[in-house]
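Here the structure is laid out as structure tokens; the discussion comes afterwards.
The values are calculated or read from the model by the stated rules, or taken from the named source; none is laboratory data. Computed from a prediction, not measured in an experiment: that's the story for all the values here. Here the Cβ positions follow ideal geometry from the backbone for every residue, glycine too, while neighbour counts run over all protein chains shown.
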Amino acid sequence: MRRKEKRLLQFAGLLIAALLFLPNVGLWSLYRDRVFDNSPDTMDRPGGIPPIQLNQMRKVAQVGLDGVRRTDWHDYEAMRRDAARFGNGEQGKPFPLTETDQVDQAYRENGFNIYVSDRISLNRSLPDIRHENCKQKLYAEKLPNTSIIIPFHNEGWSSLLRTVHSVLNRSPPQLIAEVILVDDFSDKEHLKVPLEEYMKRMPKVHILRTKKREGLIRTRLLGAAAAKGEVITFLDSHCEANVNWLPPLLDRIAQNRKTIVCPMIDVIDHDNFGYDTQAGDAMRGAFDWEMYYKRIPIPPELQRDDPSQPFESPVMAGGLFAVDRKWFWELGGYDTGLEIWGGEQYEISFKVWMCGGRMEDIPCSRVGHIYRKYVPYKVPGGISLAKNLKRVAEVWMDEYAEYVYQRRPEYRHLSARNMAERRRS
Ligand code: UD2
Ligand code: MN
């Protein structure tokens, strides 16, 4: 009888120790989360942190038939922390807007509601809306690292910082060589000393500035010229990277360095910041003879049985893509004669396909982007999107440029500055 009691006591002791100290389920893990997650505005769900699920266990590395060791790149700890967050805009939920929140002033400077953005955490959580198959995928253990290049012109404080936070929070640190913020001659005070002061706490983040207003194309080039990573990844300055977004991109480049890869671009609502897919996820980039970018359904003969597989894309949307750094320069970077905004997405797309590379959209990589209500910034006089489009058509489309002129006769007589120089070189 006594021995039995002793055993029972021993068992109870072990159980208590396990409850206290077992990683991820023990009380210690709750303590550890509170103490070491020192982001300023983390909030835990009142009911406690959800337990880790069996299908969220790290899968061991496997060697494929090609001899490549592949591993599970998910950061389950970070995913669990994200799942526990609640509050304004958390889990990508729309912010409950009142009429006073929607005054014109809220949109004037950014083209989206900056009042709402300011009231959502810089570390907010997003819903994991990837295809189920993405959750099981392994990617090469050895991936190239990347410089993240973010051009900005008069971007809002919270939207710019949330872009940087989301990248650093949701990328494996060893894959981020640096984050380069390239200021295209902004005049907003918050983007000067306050931004530099803020970024002192983020040693991987560097700030470069153009000496005059260059437009997004030459601004990206300035960042790319300074980049040291093996890959360069461009993002707009009002994005949010979603769960495990980076390894699926880098993996395709590791397999073929001439592949340019684009994440799926999700929509962050410009009014309430709700996070959702674009209408029709199974679409890809295209353009018409007016050179308007549009998304059209993937033709049935090209559709895959498994919608989580990468698919070829004729033209990219423009802002969000990763490319092997040396390949980008072998392609000639961007045409430096393209001004301010637009057309560069065709130029880079045409070049990669014509120069023996390829371009893909990667369904398991998702990044949110705020599509603005209207363009808030000024475009210097004499510059027009039409000139950029004409320039790209003349340089790259040969006799097909004629189709563009038939649709847009007024383009025929435009002078697309520097075009002659470009053709001579
Ligand atoms: C889309 C692309 C954008 C670009 C553009 C065509 C996406 C999600 N966005 O328009 O990246 O390819 O089509 O050119 O695919 N910026 C500057 N200087 C300027 C103007 C803009 O640095 O003079 C920055 C701006 O802060 C932003 C980026 O360039 O980070 C793109 O500009 P946008 O957000 O106004 O373009 P968007 O998303 O309407
Ligand atoms: Mn944008």
>> For the list (1) more than 25 Å from residue 296 (Cβ to Cβ); (2) modelled with pLDDT of 95 or more; (3) within 12 Å of ligand 1 (Cβ to nearest atom), I need the number of the one condition that residue 318 fails.
In response: (1)
>> So if I check each of 147, 117, 159, which one is under 21 Å from residue 362 (Cα atoms), crowded, with 21+ Cβ neighbours inside 10 Å and either charged (D, E, K, R) or in contact (Cβ under 8 Å) with a residue 60 or more places away in the chain (or both)?
In response: 147
> Of (1) surrounded by fewer than 16 Cβ atoms within 10 Å (Cβ to Cβ); (2) part of a loop (DSSP other than H, G, I, E, B); (3) more than 10 Å from ligand 1 (Cβ to nearest atom); (4) hydrophobic (A, V, I, L, M, F, W, C), residue 296 satisfies all except one. Which?
Replying inline: (2)
> Among (1) away from ligand 1 (no atom under 16 Å from the Cβ); (2) in contact with a strand residue (DSSP E or B) (Cβ under 6 Å, 6 or more places away or on another chain), which single condition is residue 242 missing?
Replying inline: (1)
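Has the range 297-310 got any residue that is under 23 Å from residue 411 (Cβ atoms) and either over 21 Å from the mean Cα position of the chain (by Cα) or within 16 Å of ligand 2 (Cβ to nearest atom) (or both)?
Taking every residue of the range 297-310 in turn, none turns out to be under 23 Å from residue 411 (Cβ atoms) and either over 21 Å from the mean Cα position of the chain (by Cα) or within 16 Å of ligand 2 (Cβ to nearest atom) (or both).
Table: residues versus (1) of a type in the set (A, V, I, L, M); (2) buried (at least 17 other Cβ atoms within 10 Å of the Cβ); (3) within 13 Å of ligand 1 (Cβ to nearest atom); (4) at pLDDT 95 or above.
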| site | (1), (2), (3), (4) |
| --- | --- |
| 362 | yes, yes, no, yes |
| 365 | no, yes, no, yes |
| 368 | no, yes, yes, yes |
| 372 | no, no, yes, no |
| 375 | yes, no, yes, no |
| 381 | no, no, no, no |
| 392 | yes, yes, yes, yes |
| 397 | yes, no, no, no |
> Restricting the search to the range 213-236, which residues are within 16 Å of ligand 2 (Cβ to nearest atom) and either surrounded by fewer than 24 Cβ atoms within 10 Å (Cβ to Cβ) or not polar (S, T, N, Q) (or both)?
Replying inline: 215, 216, 217, 220, 223, 234, 235, 236
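Per-residue answers, yes or no, for (1) within 30 Å of residue 189 (Cβ to Cβ); (2) part of a loop (DSSP other than H, G, I, E, B):
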site: 79; (1), (2): no, no
site: 85; (1), (2): no, yes
site: 88; (1), (2): yes, yes
site: 96; (1), (2): no, yes
site: 115; (1), (2): yes, no
site: 122; (1), (2): yes, yes
site: 127; (1), (2): no, yes
site: 142; (1), (2): no, yes
> Only one of these conditions is not met by residue 257: (1) within 16 Å of the chain's Cα centre (by Cα); (2) under 15 Å from residue 321 (Cα atoms). Which number is it?
Replying inline: (1)
>> Which count do you get for residues in the range 237-271 that are within 16 Å of ligand 2 (Cβ to nearest atom), charged (D, E, K, R) and surrounded by 21 or more Cβ atoms within 10 Å (Cβ to Cβ)?
In response: 2
>> Taking the condition of being part of a loop (DSSP other than H, G, I, E, B) and either modelled with pLDDT under 90 or surrounded by fewer than 12 Cβ atoms within 10 Å (Cβ to Cβ) (or both), how many residues in the range 405-424 meet it?
In response: 5
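Select, from 360, 330, the only residue that is within 18 Å of the chain's Cα centre (by Cα) and farther than 27 Å from residue 380 by Cβ.
Matching residue, one of 360, 330: 360.
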>> Please verify whether residue 111 is of a type outside the set (S, T, N, Q), outside any helix (DSSP H, G or I), free of Cβ contacts under 8 Å to residues at least 60 places away in the same chain and out of contact with any Asp or Glu (no Cβ under 6 Å at 6 or more places or on another chain), treating the condition exactly as stated.
In response: no
> Across the range 345-404, which residue is nearest to residue 292 (Cα to Cα) among those that are acidic (Asp, Glu) and assigned to a helix (DSSP H, G or I)?
Replying inline: 347
>> Go through the range 301-335 and report how many residues are assigned to a loop (DSSP other than H, G, I, E, B) and within 20 Å of residue 148 (Cα to Cα).
In response: 9
> Inside the range 311-326, can you point out the residues that are under 20 Å from the mean Cα position of the chain (by Cα), touching a residue at least 60 places away in the same chain (Cβ under 8 Å) and away from ligand 2 (no atom under 16 Å from the Cβ)?
Replying inline: 322, 323, 324, 325
>> For the range 274-288, check the following and say yes or no: at least one residue is more than 19 Å from the chain's Cα centre (by Cα) and β-branched (Val, Ile, Thr).
In response: no
